[in-house]
Structure formats: structure tokens, C-alpha cells
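Novice: Please see the structure below; I have some questions.
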Amino acid sequence: MIAVRSRAPQRARLSALGAYVPEQVVTNADFVARMDTTDEWIVSRTGIRERRYARPDQATSDLAIEAARAVLDDAGLPAADVDALIVPTCTPDHLFPSVAAITADAIGAHNAAAFDIEAACSGFIYGLSQATALVESGFARNVLVVGAELFSRLVDPDDRSTCILFGDGAAGALVTAGDPGDTDGFLGFDLGADGSLACELLLPVGGTRQPASQPFAREAAYVQMNGREVFRFATRVMEETTVRILEAVGLGIDDIDLLVAHQANQRIIDHAIGRLGFDPAKVFNNVEHYGNTSAASIPLALWEARQAGVLRPGMQTLLVGFGAGLTWGATVVRYEP
Ligand code: ACO
């Protein structure tokens, strides 16, 4: 990307969507067959019935590549016209290079700046904010944001409190330059992080604090989570960030046509919308079929909502994410393909 300040102001619009999930379906019965759990426990605590697992030969970038191609197909945009490719992920192929660089090369986005964003399950909202900033500053016209995660390889297959929660997938959106007078696009963002809660959800080994070259306990190589603390945090911030973003953009709960929240757990979403007084009929969920796909979950749900005819052009849509960090993010967007 060669960026020079544009003379004409431009609005960032959400103009295309796409998704990819691996074929292998892992049901609750598959866990029941090999560990001390029940379908009833998993469904009542999380709402999850099945999730997708990547093939052994697939890494995160392989999922991102498929999703990126799907977004470009949806947009009818040649890869060479992508100015920047942002991949929100906390389960990259490697610590470096970025998933975005590998993905850009594979799809032929040779003119694109490419970088990952690590904000865990809030990553897609963070990515949209960066795409919006690039477009509205005039430095880019087409920014591809593809959340991609492969958690199945980083959860302990014998830890019943985490392995049932996560699935693999990738999904994304194209943020493009519209006219300055456009009323669609992103109305605002609320982003935040509270690193004092970092220890509540983390993967200890593999970074500089605990390098993989040093001896470590088996469980330190897998996702560690304080489920109750994360649950408390998630329900609190989902409510707080929703209130803040709506106030900031001058809208009320009833002005929102559709809510798509991070698909971590049905109970978290139900709890938060109950406290907000949000109409459940305006909430789209698919956690039942994919589990928690972290940074891919919001675009995957948005894409499915559109395929199902639930997300329609012009709808005022609220997107809310929360996750490791601990982080949160919310935005209101009017989707116009
Ligand atoms: N099957 C049966 N029993 C189980 C299972 C299971 N799969 N998992 C845990 N249990 C047991 C526990 O061992 C515990 O037993 P004990 O009382 O004998 O010790 C009991 O169930 C209760 O455990 P809790 O952890 O208190 O269960 P809780 O009701 O809190 O539900 C859950 C656990 C579902 C993980 C919940 O805490 C939760 O949803 N937390 C949020 C998790 C989440 O969404 N994380 C992702 C955030 S986003 C991101 O960035 C990745």
C-alpha cells in the first residue's frame, strides 16, 4: 500500500462479507464418548451443540485464505485492489510472521499492507476500527478484515472445562471508501482493555515469559481460563460497552435493528441482553453450531445472519466483542452491500 493523504473525505462502509469453516463437525456426543461430561451440561451451561475442527494439515492462515477469498468474491473485488489486509487472531500459525502476510500472498493481494491484530475475541471489532481509520483518514480505499482462529489445537483435549467451548473458523468483511455524505457505515467505536485481568484467560507457553525452549508443565501449553471470572467480566462489559457506544452515537436500544455479539456462550449473551432490556428477537446467534471461534465469531454470525435474510441492507447493527486481555469492543454499523 502506498498511502498519501486523500483530498476528498471518505466514509468507511461495510460492503461485503464472507466465511469459511472446516468440514469436520465435532458434536457434544463426541466429548461424552471420551470424557466425564454430558450433552445436557454443555448445552445448559454454554448453548453449544457442535463445533468445527480444522484438518491436521490446516493452519490458521489456511482458514483465513478461504474466508478472504469468499469476501472478495462477495465484493467482486480483485485481490490486487486490496490496500490493507488485517487478520485479527490470537491463534496464529507462528508467533511471527503474521497470518495476514501469508494470507495476502496466497490470495494475490500483493499491493496490500498486511498485519495481525491480537485482541482475542474482541479482535474483529478492533480490526474494523483500524480499517475505518485507514479509510476515513484517506489512506486506503479497500481494507479486508478477516478474523481467523484455530483453537482446537490450543485447548487441552482432556480439559472438559475448556475443550468443549472452542471451534475453528474464519470470517471477514470488506471495509470500503464511500462518499462523505453516506449515512451508512460505522457510526462509532468503543474499545478497551483491562490488563489487570490478563491472568484470567491466557496461553502461558510459547511467548517470551515462558519460552517453549524451557521446561514447562503440560497444562501450560494449553489455554488456561478462570471460567467464572471470565463469565462475570463478559456479562459486565457487554452491558457497559453497549450503553457507552449507544450514548456516544446518540441512539437508544430500540434504534438497533440487530445485535451480533461475540459467540462465546449463549448464557453470557442472554444474561447481558436481559439486563439491557434488549429484545431477544433482534439478536442473532449461531454459537450452537460453531462454539467459540474467537475473532472469527462475530463476522461468522454476521455472514450467517445475512445468508438467512436476517441482516438486511440499511439495518442499524450493533456488534459487541469481549475476550482475553481482557478486552472489549463495540460498534454500530449500517450495513450497505
Ligand atoms: N462437563 C461436566 N462438568 C463440567 C464440565 C463439563 N464439560 N466442565 C466443568 N465441569 C464441572 C467443574 O469441574 C465443576 O465441578 P466441581 O464443582 O465438582 O468442581 C462444575 O462443573 C462447575 O464448574 P464451573 O467452572 O463453576 O462451571 P460454570 O457454571 O461456571 O460453567 C463455563 C463453566 C461454561 C466455562 C462458564 O464459566 C463460562 O461460560 N465462562 C465463560 C467462558 C468463556 O466464554 N470464555 C471465552 C471468553 S472469550 C475469549 O477471549 C476466548
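Novice: Once amide H atoms are built 1.01 Å from N in the peptide plane, which residues 5 or more positions from residue 325, or in another chain, come under 5 Å H to H?
Specialist: 201
Novice: A follow-up question, please. Rounded to whole Å and sorted largest first, list the principal axis extents of the Cα atoms in the range 89-219.
Specialist: 56, 32, 26
Novice: Counting just the Cα atoms, what span does the range 257-337 cover along each of its three principal axes? Round to the nearest Å and put the largest first.
Specialist: Here the Cα extents, ordered largest to smallest, are 32, 26, 22 Å.
Novice: Oh, and also: What list of ³J(HN,Hα) values in whole Hz, one per residue of the range 199-208 in order, does the Karplus curve 6.51 cos²θ - 1.76 cosθ + 1.60 (θ = phi - 60°) give from phi, with Gly and Pro shown as x?
Specialist: Coupling constants for the range 199-208: 6, 6, 8, 7, 10, x, 8, x, x, 7 Hz.
Novice: Compare 12, 54, 217 in a GNM of the chain, Cα atoms joined below 10 Å, and give the one with the largest fluctuation.
Specialist: Between 12, 54, 217, it is 217 that shows the largest mean-square fluctuation.
Novice: Relative to the longest principal axis of the C-alpha atoms of the chain, give the angle of the C-alpha long axis of helix 227-249, reported between 0 and 90° and rounded to the nearest 10°.
Specialist: With both axes taken from Cα atoms, the answer is about 10 degrees.
Novice: Place a +1 charge on the Cβ of each Lys and Arg in the chain and a -1 charge on the Cβ of each Asp and Glu, then give the dipole magnitude about the Cα centre in debye, rounded to the nearest 20.
Specialist: It comes to approximately 320 debye.
Novice: Could you provide, to the nearest whole Å², the per residue accessible area of the range 11-178 with probe 1.4 Å?
Specialist: Heavy-atom accessible area per residue stands at 37 Å².
Novice: Just need the relative contact order of the chain here, percent rounded to a whole number, with Cα pairs under 8 Å and 6+ apart.
Specialist: Relative CO of the chain lands at 26 percent.
Novice: Taking only protein heavy atoms and a 1.4 Å probe, what accessible area per residue, in Å², does the range 237-337 have with all protein chains in place?
Specialist: 33
Novice: Gaussian network model of the chain, Cα springs within a sub-10 Å range: biggest mean-square fluctuation belongs to which of 163, 90, 121?
Specialist: 163
Novice: What would the Debye equation give as log₁₀ I(q)/I(0) for the range 186-334 at q = 0.16, 0.17, 0.19 Å⁻¹, counting only Cα atoms as equal point scatterers?
Specialist: -0.86, -0.95, -1.13
Novice: Still on this model: Got a number for the accessible area of residue 45? Probe 1.4 Å, square angstrom, nearest 10.
Specialist: 100
Novice: Using a 1.4 Å probe and counting only protein heavy atoms, arrange 254, 156, 279 so the residue with the most accessible area comes first.
Specialist: 254, 279, 156
Novice: Got the relative contact order for the range 11-178 handy, in percent, Cα pairs under 8 Å and 6 or more residues apart?
Specialist: Over the range 11-178, the number comes to 34 percent.
Novice: At a 1.4 Å probe radius, carbon and sulfur cover how many percent of the accessible area of the chain?
Specialist: 50
Novice: DSSP loop trypsin sites (Lys or Arg not before Pro) in the range 113-221 with at most 13 other Cβ atoms within 10 Å of their Cβ, which ones?
Specialist: In loop regions of the range 113-221 (DSSP not H, G, I, E or B), the sparsely surrounded trypsin sites (Lys or Arg not before Pro) are 209.
Novice: On to the next question. If you find the alpha carbon centre of the range 1-77 and of the range 142-180, how far apart are they in angstrom?
Specialist: Using only Cα atoms to place each centre, the spacing works out to 5 Å.
Novice: In a Debye calculation with equal point scatterers on the alpha-carbon sites of the chain and no solvent, what is log10 I(q)/I(0) at q = 0.12, 0.15 Å⁻¹?
Specialist: The Debye formula, applied to the Cα set alone, gives -0.79, -1.25.
Novice: Which one, 53, 259, 188, is farthest towards the positive end of the dipole of the chain when Lys and Arg carry +1 and Asp and Glu -1 on their Cβ?
Specialist: Towards the positive end, the residue furthest out is 188.
Novice: Could you work out which residue, out of 325, 206, 47, moves most in a Gaussian network model of the chain, that is, has the largest mean-square fluctuation with Cα springs under 10 Å?
Specialist: 206
The values are calculated or read from the model by the stated rules, or taken from the named source; none is laboratory data. All values reported here derive from a predicted model rather than from experimental measurement. In this analysis, Cβ positions are derived from the backbone assuming ideal geometry, glycine residues included, and neighbour counts consider all displayed protein chains. Note: accessible area is taken over every heavy atom of the protein model, side chains too, but ligands, DNA and RNA are not part of it. Shrake-Rupley method; radii C 1.70, N 1.55, O 1.52, S 1.80 Å.
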